Amino acid sequence: MSADSILEQIAESVVKAEADEKVRELTQKAVDEGRGAKEIIDGGLLLGLNRIGEMWGRGEAFIPEVILSAQAMAAGMEVIRDLIVESGIKPIGKVVIGTVKGDVHDIGKSLVAMMLRSSGFEVVDLGVDVAPEKFVEAVKEHKPDLLGMSALLTTTMPGIEDTIKAVKQDGLHVLTLIGGAPVTQRYADEVGADGYAPDAALAVAKAMSLMGVKAS
Ligand code: B1M
């Protein structure tokens, strides 16, 4: 089997969200064939995740499938974690993310977190119902490049503005990325967020552009 076909197999395995074991096995095979971490990620794992993301965008795949694909990709990433350290590829950046105070909607935020992780970001997920002071504490503790906030209710959206104010009041410098069903670019502009994304795939693209990284 040629090396290129193994990368294609990895991509397809991620798209089909085959058992994590299968993705691990194929990724290990690519490593054994001498392929580098970046090549395996770009030509196999990330390619597969991008494909399912595009299918989702076209309505040809559903959220549970995207989640399973992201998990399959994460299994492959585990295999090459050591390679990444050896080859000196640094995480693109660190993100602290959470759903704002009073809001327990978890699915969209977790999908964004998972896609960011799969795309090479280090992610600290604070969960749901996160008060502004908890976000501030986490920024102090983890020193992220990006602070991600999700809100699904019109009544909890002000939690985004409160958090941005609290972060600024503390003199902390962190880029902010926001999203969630009722959130819009206009709202992001009003509250002074650095970025807004309407879905998880675009959240990754926005996070990358905020970090000055070109999406592959
Ligand atoms: Co609730 N709920 N819910 N709910 N719920 C909505 C949001 C609602 C639109 C339903 C409706 O009335 N049609 C409505 C909000 C109305 C409004 O304010 N505009 C609503 C309501 C009213 C409520 C309650 C108040 C109901 C009640 O108790 N009377 C209550 C509130 C609880 C609370 O939070 N305090 C409530 C509770 C719940 C459940 C617990 C039952 C459950 C959540 C379970 C869970 O998350 N573990 C739930 C659910 C499932 C929904 C719906 C049906 C689905 C939400 C979802 O997961 N979507 C939702 C109706 C709907 O959206 N169709 C609804 C799938 C998910 C992948 O999409 O979360 O939009 P989404 O995330 C997207 C983007 O928004 C974006 O990317 C994601 C992936 O593409 N995105 C980001 C999200 N975060 C981002 C962050 C980013 C960037 C992009 O950067 C950091």
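Among helices (runs of 4 or more DSSP H) lying entirely in the stretch 74-154, which contain 3 or more residues that are touching a strand residue (DSSP E or B) at 6+ places or on another chain (Cβ under 7 Å) and surrounded by 17 or more Cβ atoms within 10 Å (Cβ to Cβ)?
Counting at least 3 such residues, we get 107-118, 132-142.
Yes/no per residue for (1) surrounded by 14 or more Cβ atoms within 10 Å (Cβ to Cβ); (2) over 14 Å from F121 (Cβ atoms); (3) within 9 Å of the ligand (Cβ to nearest atom):
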{"position": "V167", "(1), (2), (3)": "yes, yes, no"}
{"position": "H173", "(1), (2), (3)": "no, yes, no"}
{"position": "E190", "(1), (2), (3)": "no, yes, no"}
{"position": "G195", "(1), (2), (3)": "yes, no, yes"}
{"position": "K206", "(1), (2), (3)": "yes, no, yes"}
{"position": "G212", "(1), (2), (3)": "no, no, no"}
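Of all residues in the stretch 20-68, those being farther than 17 Å from M115 by Cα, in contact (Cβ under 8 Å) with a residue 40 or more places away in the chain and of a type in the set (G, A, S) number 2.
Each value in this text was obtained by applying a stated rule to the coordinates, not by laboratory testing. Bear in mind the structure is a predicted one, so any value in this text is a computation, not a measurement. Here Cβ is always computed from backbone atoms with ideal geometry, including for glycine, and neighbour counts include all displayed protein chains.
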